[in-house]
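*Asks:* Before I ask anything, let me first share the structure, which is written out below as structure tokens.
Just so it is clear, none of the values below were taken in a lab; they were calculated from the coordinates. Note that the coordinates shown come from a computational prediction; the quantities given were computed from them, not determined experimentally. For neighbour counting, all protein chains shown are included, and Cβ atoms are generated from backbone atoms with ideal geometry for every residue, glycine included.
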Amino acid sequence: MHALIPNKEAVRAGDLIFFGGVLSWDEDGTLKYPYNVEQQTEAILRRIEGYLKTEALGLEHLVYVTVYLTDIRHYDVMNRAYRRVMKDPLPPRKVVTGPLTVTGALVEMTAVASVHPPQVLSLTGS
């Protein structure tokens with residue numbers, strides 16, 4: 001957690017773990033890789049992975065991810081880094097664009113994980 005942001009990045013409620021506003025902070029509370037979408041994306045996912053490891057879980061336990069980008073033109077770079085870290089089956093994901101509150105942050109994520117491995121559903125429509 002950054003000293004200027006008064007919230008926790010992760011909280012467990014029953015079988016679910018909620019990640020809110022995860023940025024590429026280092027241990028000192030400094031933003032790592034300012035203005036670098038690719039490195040921020042990977043650092044954020046590794047940060048989430050680190051929290052999950054403390055619960056004996058991994059990224060495969062993520063059931064939903066929201067990615068916030070400052071500019072939609074960063075989508076392809078973010079997506080390449082995301083795919084490099086995340087393995088199939090990927091959790092459902094939403095990408096939103098807009099300003100972020102931390103100078104130099106181009107990527108932020110929220111996510112939900114379950115202590116139970118998720119099952120991929122196949123939707124068939126009419």
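*Asks:* Please state which of the following conditions Arg93 fails to meet, knowing it meets all the rest: (1) among the charged types (D, E, K, R); (2) over 17 Å from Gly20 (Cβ atoms); (3) surrounded by 14 or more Cβ atoms within 10 Å (Cβ to Cβ); (4) in contact with a strand residue (DSSP E or B) (Cβ under 7 Å, 6 or more places away or on another chain).
*Replies:* (2)
*Asks:* Mind listing just one residue for me: the one in the stretch 44-58 that is closer than 14 Å to Ala10 by Cβ and not aliphatic (A, V, I, L, M) and, of those, surrounded by the most Cβ atoms within 10 Å (Cβ to Cβ)?
*Replies:* The qualifying residue surrounded by the most Cβ atoms within 10 Å (Cβ to Cβ) is Arg47.
*Asks:* Filter the stretch 49-77 down to residues that are part of a strand (DSSP E or B) and either within 17 Å of Gly98 (Cβ to Cβ) or not aromatic (Phe, Trp, Tyr) (or both), then give me how many there are. Write out each step before concluding.
*Replies:* Start the filter on the stretch 49-77 by keeping residues that are part of a strand (DSSP E or B), which leaves 62-69.
With either within 17 Å of Gly98 (Cβ to Cβ) or not aromatic (Phe, Trp, Tyr) (or both) added as a condition, the list becomes 62-63, 65-69.
Number of matching residues: 7.
*Asks:* As an exercise: evaluate Gln40 against (1) free of Cβ contacts under 8 Å to residues at least 24 places away in the same chain; (2) under 17 Å from Glu108 (Cβ atoms); (3) not acidic (Asp, Glu) and give the number of the one condition it does not meet.
*Replies:* It is condition (1) that Gln40 fails.
*Asks:* Which of the following residues is surrounded by 18 or more Cβ atoms within 10 Å (Cβ to Cβ) and more than 14 Å from the chain's Cα centre (by Cα): His116, His61, His74?
*Replies:* His74
*Asks:* Out of (1) surrounded by fewer than 18 Cβ atoms within 10 Å (Cβ to Cβ); (2) touching a residue at least 40 places away in the same chain (Cβ under 8 Å); (3) in a helix (DSSP H, G or I), what's the single condition that is false for Pro34?
*Replies:* Checking Pro34 against (1) surrounded by fewer than 18 Cβ atoms within 10 Å (Cβ to Cβ); (2) touching a residue at least 40 places away in the same chain (Cβ under 8 Å); (3) in a helix (DSSP H, G or I), the one that fails is (3).
*Asks:* Please specify each residue of the stretch 78-113 satisfying the condition of being within 12 Å of the chain's Cα centre (by Cα) and assigned to a strand (DSSP E or B).
*Replies:* Of everything in the stretch 78-113, those that are within 12 Å of the chain's Cα centre (by Cα) and assigned to a strand (DSSP E or B) turn out to be Arg93, Lys94, Val95, Val107, Glu108, Met109, Thr110, Ala111, Val112, Ala113.
*Asks:* For the stretch 45-67, which residues satisfy the criterion of being of a type in the set (Lys, Arg) and in contact with a helix residue (DSSP H, G or I) (Cβ under 8 Å, 6 or more places away or on another chain)?
*Replies:* If the condition is that a residue be of a type in the set (Lys, Arg) and in contact with a helix residue (DSSP H, G or I) (Cβ under 8 Å, 6 or more places away or on another chain), then Arg46 is the only one that fits.
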